[in-house]
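Chemist: Quick one: the structure is below, and I'll ask about it shortly.
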Amino acid sequence: MMKTVIFGGSGLIGSKLIKILNGQGHETVSASPSQGINAVTGEGLDNALIGADVVIDVMNSPSFEDIAVLSFFESSTNNLIAAATKANIKHYIALSVVGTERLQAGGYFKAKLLQENLIKASKLPYTILRATQFYEFMMGIAQASTDGETVRLSSATLQPVAAADVSKALADIAIENPKNDIVEVAGPEKIGLDKLIQKVLDTHSDKRKVITDDNAPYFGMLVIDDASLTPGLNPRIGQIRYADWLQQSVSLA
């Protein structure tokens, strides 16, 4: 049995990850400001990591504004690294984004690359898991790209993944030896962004229509192509197909 402290444990990924690790008999701590554990300020970190073997950082910034998101990841990562070093953590794991190094025109991706580089430069044994876009964020992409009753999106290929599969990959990594490298996880299918969004709209009987425009920005920031958000060679592959996830999302609605 190992003790794992999960920062962002109440979120989409963290809550699923805790269930998996608890189900395997491990001890988990969900670290959050509401419990007096704040990675951004450093409050409570030393006590939270007493006796811990693994730290997993799946936090996200509450603001995606360029300066705010950079400050969030810089402060939280520096504080976590310092506390993890003091606690002699055996494995430091962080969740990042596939394509981070290719999308440096966006402030969010600059912040994620800074986070990765801080971890690499530390002397901690680490693994960084980069994930492709989550199925769960498809409606958010639609909303960000909506103008009236139309949604203007690129046909660029994505290989999105279910949050459950990302959580499973993190749980597997937690019990493996540190890679001291970046690994990737993606879904089982490559699909054009325009088709992904039209499918989720149709599934939820949303009357908006997707217009394909390969010059359309992604989340209002960047123009993407087939290589922007797809993984490299030999990623971990999730098991949940998009069509199956869509049907499940409707049944749970």
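Chemist: For the stretch 1-22, which positions are within 21 Å of Ile81 (Cβ to Cβ) and hydroxyl-bearing (Ser, Thr, Tyr)?
Modeler: The initial filter retains those residues of the stretch 1-22 that are within 21 Å of Ile81 (Cβ to Cβ), namely 2-9, 11, 13-14, 17.
If the condition is that a residue be within 21 Å of Ile81 (Cβ to Cβ) and hydroxyl-bearing (Ser, Thr, Tyr), then Thr4 is the only one that fits.
Chemist: Condition (residue is within 28 Å of Ile67 (Cβ to Cβ), assigned to a helix (DSSP H, G or I) and at pLDDT 95 or above) applied to the stretch 120-127: is it met by at least one residue?
Modeler: Start the filter on the stretch 120-127 by keeping residues that are within 28 Å of Ile67 (Cβ to Cβ), which leaves 120-122, 124, 126.
From what's left, assigned to a helix (DSSP H, G or I): 120-121.
Then drop every residue that is not at pLDDT 95 or above, which leaves 120-121.
The answer is yes; a qualifying residue exists.
Chemist: Another question, if that's okay. When Ser145 is evaluated against the numbered criteria (1) in contact with a Ser or Thr (Cβ under 9 Å, 6 or more places away or on another chain); (2) surrounded by 14 or more Cβ atoms within 10 Å (Cβ to Cβ), which criterion, by number, is the only one it fails?
Modeler: Condition not satisfied by Ser145: (1).
Chemist: Right, next: Has the stretch 174-182 got at least one residue that is in a helix (DSSP H, G or I), touching a His at 6+ places or on another chain (Cβ under 8 Å) and buried (at least 19 other Cβ atoms within 10 Å of the Cβ)?
Modeler: Filtering the stretch 174-182 down to residues in a helix (DSSP H, G or I) leaves 174.
Imposing the further condition that a residue be touching a His at 6+ places or on another chain (Cβ under 8 Å) reduces the set to 174.
Then keep just the ones that are buried (at least 19 other Cβ atoms within 10 Å of the Cβ); that gives 174.
Scanning the stretch 174-182 turns up at least one residue that is in a helix (DSSP H, G or I), touching a His at 6+ places or on another chain (Cβ under 8 Å) and buried (at least 19 other Cβ atoms within 10 Å of the Cβ).
Chemist: Ok, one more. Would you pick out the residues in the stretch 215-228 that are surrounded by 13 or more Cβ atoms within 10 Å (Cβ to Cβ), part of a loop (DSSP other than H, G, I, E, B) and either at negative phi or in contact with a Cys (Cβ under 8 Å, 6 or more places away or on another chain) (or both)? Give the derivation first.
Modeler: As a first pass, look at the stretch 215-228 and keep what is surrounded by 13 or more Cβ atoms within 10 Å (Cβ to Cβ): 216-219, 221-226, 228.
Now drop any that are not part of a loop (DSSP other than H, G, I, E, B), which leaves 216, 219, 221, 224-226, 228.
Listed by number, the residues that qualify are Ala216, Met221, Ile224, Asp225, Asp226, Ser228.
Yes/no matrix, rows are residues, columns are (1) at pLDDT 95 or above; (2) under 18 Å from the mean Cα position of the chain (by Cα):
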position	(1), (2)
Gly36	no, no
Glu43	yes, no
Val55	yes, yes
Met59	yes, yes
Pro62	no, yes
Asn78	yes, no
Ile81	yes, no
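Chemist: Output the residues belonging to the stretch 168-190 that are of a type in the set (A, V, I, L, M, F, W, C), under 12 Å from Ala94 (Cα atoms) and more than 15 Å from the chain's Cα centre (by Cα).
Modeler: Correct list: Ala174 only.
Chemist: Do you know which residues across the stretch 72-114 are surrounded by fewer than 16 Cβ atoms within 10 Å (Cβ to Cβ), without any contact (Cβ under 8 Å) to a residue 60 or more places away in the chain and either β-branched (Val, Ile, Thr) or under 19 Å from Ala171 (Cα atoms) (or both)?
Modeler: Thr85, the sole residue that qualifies.
Chemist: Determine whether the stretch 157-165 contains at least one residue that is among the small types (Gly, Ala, Ser) and open to solvent by 20 Å² or more (accessible area, probe 1.4 Å). If you could, list the steps in order and put the result at the bottom.
Modeler: To start, the set of residues in the stretch 157-165 that are among the small types (Gly, Ala, Ser) comprises 162-164.
From what is left, the residues that are open to solvent by 20 Å² or more (accessible area, probe 1.4 Å) are 164.
Yes, there is a match, as at least one residue in the stretch 157-165 is among the small types (Gly, Ala, Ser) and open to solvent by 20 Å² or more (accessible area, probe 1.4 Å).
Chemist: Let me ask something else about it. With respect to Ala87, is the statement that it is over 20 Å from Glu189 (Cα atoms) and within 16 Å of the chain's Cα centre (by Cα) true?
Modeler: On the way: over 20 Å from Glu189 (Cα atoms): yes; within 16 Å of the chain's Cα centre (by Cα): no.
Here the answer is no, as Ala87 does not meet what is asked.
Chemist: Does the stretch 8-18 hold any residues that are free of Cβ contacts under 8 Å to residues at least 40 places away in the same chain and either in a loop (DSSP other than H, G, I, E, B) or not hydrophobic (A, V, I, L, M, F, W, C) (or both), and which are they?
Modeler: Restricting attention to the stretch 8-18, the residues satisfying the condition of being free of Cβ contacts under 8 Å to residues at least 40 places away in the same chain are 10, 15, 18.
Answer for the stretch 8-18, where residues must be free of Cβ contacts under 8 Å to residues at least 40 places away in the same chain and either in a loop (DSSP other than H, G, I, E, B) or not hydrophobic (A, V, I, L, M, F, W, C) (or both): Ser10, Ser15.
Chemist: Would you check if Val185 is within 17 Å of Leu12 (Cα to Cα), out of contact with any Cys (no Cβ under 6 Å at 6 or more places or on another chain) and not in a strand (DSSP E or B)? Spell out how you get there, then give the answer.
Modeler: Values: within 17 Å of Leu12 (Cα to Cα): yes; out of contact with any Cys (no Cβ under 6 Å at 6 or more places or on another chain): yes; not in a strand (DSSP E or B): no.
No: the conditions fail for Val185.
The values are calculated or read from the model by the stated rules, or taken from the named source; none is laboratory data. Not measured: the values here are computed from a predicted model. Ideal geometry is used to build each Cβ from the backbone, glycine not excepted, and the neighbour counts take in all protein chains shown. Accessible surface is based on the protein model in full, side chains and every heavy atom, while ligands, DNA and RNA are left aside. Shrake-Rupley method; radii C 1.70, N 1.55, O 1.52, S 1.80 Å.
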